[in-house]
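Values quoted throughout were computed directly from the atomic coordinates according to the rules given, and no laboratory measurement underlies them. A quick note: this is a predicted structure, and the numbers were derived from the prediction, not measured. Here Cβ is always computed from backbone atoms with ideal geometry, including for glycine, and neighbour counts include all displayed protein chains.
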C-alpha cells in the first residue's frame, strides 16, 4: 500500500499499522525519504538519528505480538533541547556543539515506552530564545508553506517537520508562545499544557517558572493523543503535579467563550488576521457557544512582565554553561578569562542580550523596580485570569498578530520580534494551558498563509481546549 | 536614565560574557529600548499585593536514594567534560 504522508494523521497511521496495511519500518522509511528530499532546504531537522529504523523494527515486533497503543510505531521528532540518551542535543547553540545526552528526558522516555519512533531532533532558536527560528546556530529554519518566510519559533523546526509532511507529530517547548506561534504560522495544531502537567526532567531550562513541553500535530485528536502519553506526575520534576491534585474535567457541549475585545482590537494586529478571528467567533456562536465580551486591563502588560521575569530566569539558568563541565571551552590565562571567552563566543547575540538584560533587572538598585514589581503584576494578572475563568470556560484570541513574516524582516528590531508573543505569553505567566488551532488563511504576496486561533482555559482544563479545537476544525472544513 | 556602554561592560563582567566595545554600544541601545517597554509596569497599582508571601510555593523534596539512572550516564557525563582526567573533570586553578 502506498504511504501518503501528506494527509496522514497519527490516528490514521495507527489504524493502518494495526490493520497491517504497512509496517512501522515502511512508514519510517517513507518519513526518512521526505526528510532527505526536503530538509536540505527547510532545515527543520538538526539531525536524523541513525537508530530510527531499529526503533521501527522494535515497534513492528511489538505490533506483531498483538500489542496495541495509539503511538506504537508512529514516527515523531523532538526539539533539540530535550535529552535522549546517547544522542546529541545542542539547544541550537554553539556552546553545546557535540554534547551527547547522558540520560533521557521524561517526556521522551514516555514516548519511547509508548512505542513511538524518535526520528530526529529539530532546529530551534538558540536556547529557545526567539519567535522565528532565526537565532539557531545551525542555520535558519524555513516555513515549508513559503520558503521565503519563517516558520515561527522558537520550536520552528518541530512545527516545520510536521508541516513539510515528514513526521506525524513532534514535541516542542513553550516559554512565551514557542509552540503555539509556530503551530499557527505553519498551519498545524500546537498545545502549551498547564504548568506542571508535563515533566521537564531532561529539558534544558530557559525560564523555569514558565517553560512547558507540549505537542505539535496536524489534528486536535493527534495532539490530544500525544499529550495523554507525555502528561503526568514525575518524581524527578518537583514542579509536576500529582494526578489526585488535578480537577477531573470533561469536555462540554457548549462553552462560554470570553473575548478580550479591546486587547484583540489593539494596534499592531493585522486587519485580515482580526477578521479571520472574528468570523470564527461568529461561527462558534452560531454553532451554539456563548460569546462573552470581557475586559482584562492587565492582559496587555503580560509581555512587559515576561520580558523582565524571563531574562532574569535565563540569566541564572544559563550560568551553568561555563566551559568546565560540558560543551565549548575557550581557555584563557585565568579561570575568569575562560568563563568570559567561552560564554562570549559560545552564546549568540540574542542569548547574550537576554542574559545581560536579566542581570540588569536582578542587579542591586534595579531589583525592586523591575523584578519585584513584575512578580507583583504577575500576581495581579493571575488573579484577573482566575476571576474571568470563574465566569467563562475559555478565553479566545488570535494566536499571533500576523501570519508568517519574511526571513530577516524582524531581526534588527528585538521589540518588534517580541510582539509576536503578545497573545501567547499570558498563558505562561499565569500557568494556564493554551492551544492554537488553524483558522483559515490570509493572502500575502499572492500566497495563502495560515493563521491560528488561540484558546486558553483554567489550569488542567485541557479537555476544554481539545473540545473547542475539534469544533473549530469541523467549522473550518 | 540611558544605559551607557560602561554599564554594559559592567553587566557583561557580572554575566561572565566577553562583549566587544562595538557590541557594547549596540547592546546599550537595544537593552534600553526593551527597558523602556517593560518599564510600563511601574504604572500598575499593586498596592493590594505584598511581597514575601510563600503562597503555593514550597520545597518539594524526595528521599536521597538512587533513582535507577543507567550506569552509562556517569560515563557519559564525564565524557561531556571538555577536559577529563580519569574519573575527574579537570578544572583551572581557582586561587592564586
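Taking every pair of alpha-carbon atoms in region A:418-471, give the share separated by more than 12 Å as a whole percent.
Details: 984 of 1431 pairs.
Of all Cα-Cα distances in region A:418-471, 69 percent exceed 12 Å.
Between region A:76-144 and region A:287-335, the C-alpha centres lie 18 angstrom from each other.
May I ask you to derive the FRET efficiency for residue B:49 and residue A:88 from their Cβ-Cβ distance with R0 = 60 Å, giving the value to the nearest 0.05? Walk me through the intermediate numbers first.
On the way: r = 44 Å, r/R0 = 0.74.
The pair residue B:49/residue A:88 has a calculated efficiency of 0.85.
Working note: Debye formula, equal point scatterers on the alpha-carbon atoms of region A:132-177, no solvent; log10 I(q)/I(0) at q = 0.23, 0.26, 0.27, 0.29 Å⁻¹ is -0.78, -0.96, -1.01, -1.11. Stretching the chain fully between residue A:387 and residue A:243 yields a gain of 49.4 nm (0.36 nm per residue, less the alpha carbon separation).
Could you tell me what % of all Cα pairs in chain A have separations over 33 Å? The calculated P(r) of chain A puts 32 percent of pairs beyond 33 Å.
Distance from the alpha carbon centroid of region A:397-463 to that of region A:216-254 works out to 22 angstrom.
To the nearest 0.05, what FRET efficiency results for residue A:26 and residue A:47 with a Förster distance of 30 Å applied to their C-beta separation?
Values: r = 22 Å, r/R0 = 0.74.
For R0 = 30 Å, the calculated efficiency reads 0.85.
Here the label points at residue B:14 and residue A:285, each 7 Å from Cα along the C-beta direction, are separated by 5.0 nm in the simple model. Taking the three principal axes of the alpha carbon atoms in region A:308-368, the coordinate ranges are 37, 20, 19 Å, sorted in descending order. Relative contact order, whole percent, for chain A stands at 17, derived from Cα pairs under 8 Å and 6 or more residues apart. With both labels modelled 7 Å from their Cα along Cα-to-Cβ, the residue A:19 to residue A:372 distance reads 6.5 nm.
Suppose R0 equals 22 Å; then what is the FRET efficiency for residue B:40 and residue A:270 from their Cβ-Cβ distance, rounded to the nearest 0.05?
Working: r = 23 Å, r/R0 = 1.05.
So, using R0 = 22 Å, E works out to roughly 0.45.
Can you give the convex hull volume of the alpha carbon atoms of region A:10-245 per residue, in Å³?
Working: hull volume 26.2 nm³, N = 236.
Per-residue hull volume (Cα only) is 111 Å³.
Label sites at residue A:336 and residue A:253, each approximated as a point 7 angstrom past Cα along Cα to Cβ, lie 7.2 nm apart. When both bridge partners sit in chain A, DSSP labels roughly 70% of those beta bridges antiparallel.
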